[in-house]
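Data first, discussion second: the structure below is written as structure tokens.
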Amino acid sequence: MEFDGEDLSHKALGDRLPPGETHAFRGCDLTEADLWGASLGGATFEACVLDGTDFRRADLDGAVFRGGGGMRTRFNDADLIDASFTDVDLSSAQFAGALLTDAAFTGCRMIGASLTASRGTGFRLARSNLTLANLGGCSLRKQLVEGVRFDDADLSGCDFTEATFSDCRLLGTRLLGTTFTRADLRGADLGQPDDAKLRALAGAIINQAQAHAILAARGITVL
């Protein structure tokens, strides 16, 4: 079923979505639309307004989101296996309890988004802004994390074992109990190397410039 440019704001859409079909939304206003528990596997959302849209407990496996977005979109407890988000505004979006295995976020604005308590392993992040986001407890083991800004984000309890960071920023990032075992951080701006950050970075791979900055912060000069 296809929706083109429709105003679907504040509507309960469950009855309008026949089961067993793949649905497409193009340029629609879904502000505070109710899609709770909807069957949306493989659905596409192109340039849609998603302010406060309720996708809680929806089946969004393989769904594709391109452009558009909004504030406080709710994906709590949704199934998002293999879902992709490209150039979507997901500021303050909620993903608690969502199944994110192999989901991909590329070029997204995710300021203040909450992915803590999400389920699954191995979602992907690229060229996205996660300033002030909360990823507490997420696993990105062995992932390539490219062009991501984690400024003032909470990465407590995250598992980045053997992950590779390229062109990333970790300024003011909270790293309580975060694991970086064999993670390659040579392509990351680590920010101020305080004691708490150094404890978290145990086992990580860094470059000479990063090592010199850490020593210099402790008054040690390397000749």
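The single condition from (1) over 17 Å from the mean Cα position of the chain (by Cα); (2) surrounded by 18 or more Cβ atoms within 10 Å (Cβ to Cβ) that ARG186 fails is (2).
Applying a threshold of 9 Å to beta carbon distances and a minimum spacing of six or more residues, or different chains, the list of pairs starting in region 50-79 at a residue that is without any contact (Cβ under 8 Å) to a residue 60 or more places away in the chain and of a type in the set (A, V, I, L, M) and ending at one that is open to solvent by 40 Å² or more (accessible area, probe 1.4 Å) and part of a strand (DSSP E or B) reads LEU50/ASP89; ALA58/SER39; ALA58/ASP79; LEU60/ASP79; VAL64/GLU46; VAL64/THR86; MET71/ASP89; ALA78/ASP59.
Of all the listed residues (ALA93, ALA47), the sole one being over 20 Å from THR116 (Cβ atoms) and aliphatic (A, V, I, L, M) is ALA47.
The numbered conditions (1) at pLDDT below 95; (2) under 18 Å from ASN129 (Cβ atoms) are all true for GLN94 except (1). Among the residues of region 51-61, the ones that are within 14 Å of ASP7 (Cα to Cα) and open to solvent by less than 30 Å² (accessible area, probe 1.4 Å) come to 1 in all. The residues of region 17-30 that are buried (at least 18 other Cβ atoms within 10 Å of the Cβ) and out of contact with any Cys (no Cβ under 6 Å at 6 or more places or on another chain), listed by number, are HIS23, ASP29.
Inside region 45-80, residues that are acidic (Asp, Glu), under 19 Å from THR106 (Cβ atoms) and not in a strand (DSSP E or B) make up a count of 1. Taken as a whole, the structure places THR101 among residues that are in contact with a Gly (Cβ under 6 Å, 6 or more places away or on another chain) and either basic (Lys, Arg) or surrounded by fewer than 24 Cβ atoms within 10 Å (Cβ to Cβ) (or both).
Okay, residues lined up against (1) surrounded by fewer than 19 Cβ atoms within 10 Å (Cβ to Cβ); (2) modelled with pLDDT under 95; (3) not β-branched (Val, Ile, Thr):
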site: ALA33; (1), (2), (3): no, no, yes
site: GLY42; (1), (2), (3): yes, no, yes
site: VAL49; (1), (2), (3): no, no, no
site: ALA63; (1), (2), (3): no, no, yes
site: ARG74; (1), (2), (3): no, no, yes
site: SER84; (1), (2), (3): yes, no, yes
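Any residue in region 195-210 that is under 18 Å from LYS142 (Cβ atoms) sitting within a Cβ distance under 8 Å of a residue that is assigned to a loop (DSSP other than H, G, I, E, B) and of a type in the set (D, E, K, R)? List the pairs, counting only those 6 or more apart or interchain. Listed by first residue and then by second, the contacts come to GLY203/ARG182; ALA204/ARG182; ILE205/ARG182.
Of all the residues that make up region 82-103, how many are in a strand (DSSP E or B), under 15 Å from VAL148 (Cβ atoms) and not hydroxyl-bearing (Ser, Thr, Tyr)?
Initially, region 82-103 is screened for residues in a strand (DSSP E or B), giving 84-86, 89, 94, 99.
Those left that are additionally under 15 Å from VAL148 (Cβ atoms): 85-86.
Remaining after also requiring not hydroxyl-bearing (Ser, Thr, Tyr): 85.
Qualifying residue count, region 82-103: 1.
Only one of the listed residues (LEU115, LEU155, LEU135) is farther than 16 Å from GLY187 by Cβ, open to solvent by less than 20 Å² (accessible area, probe 1.4 Å), more than 11 Å from the chain's Cα centre (by Cα) and of a type in the set (A, V, I, L, M). That residue is LEU155.
Does GLY203 satisfy the criteria of being surrounded by fewer than 20 Cβ atoms within 10 Å (Cβ to Cβ) and farther than 30 Å from ASP82 by Cβ? Taking the combined requirement at face value, the residue satisfies it. Considering the conditions (1) open to solvent by less than 60 Å² (accessible area, probe 1.4 Å); (2) over 22 Å from ILE111 (Cα atoms); (3) assigned to a strand (DSSP E or B), PRO193 is excluded by exactly one of them, (3).
The values are calculated or read from the model by the stated rules, or taken from the named source; none is laboratory data. None of the values given here were measured: they were computed from a predicted structure. Note that each Cβ is placed from the backbone with ideal geometry, even for glycine, and that neighbours are counted across all protein chains shown. Note: areas computed on protein heavy atoms with side chains; ligands, DNA, RNA excluded. Shrake-Rupley method; radii C 1.70, N 1.55, O 1.52, S 1.80 Å.
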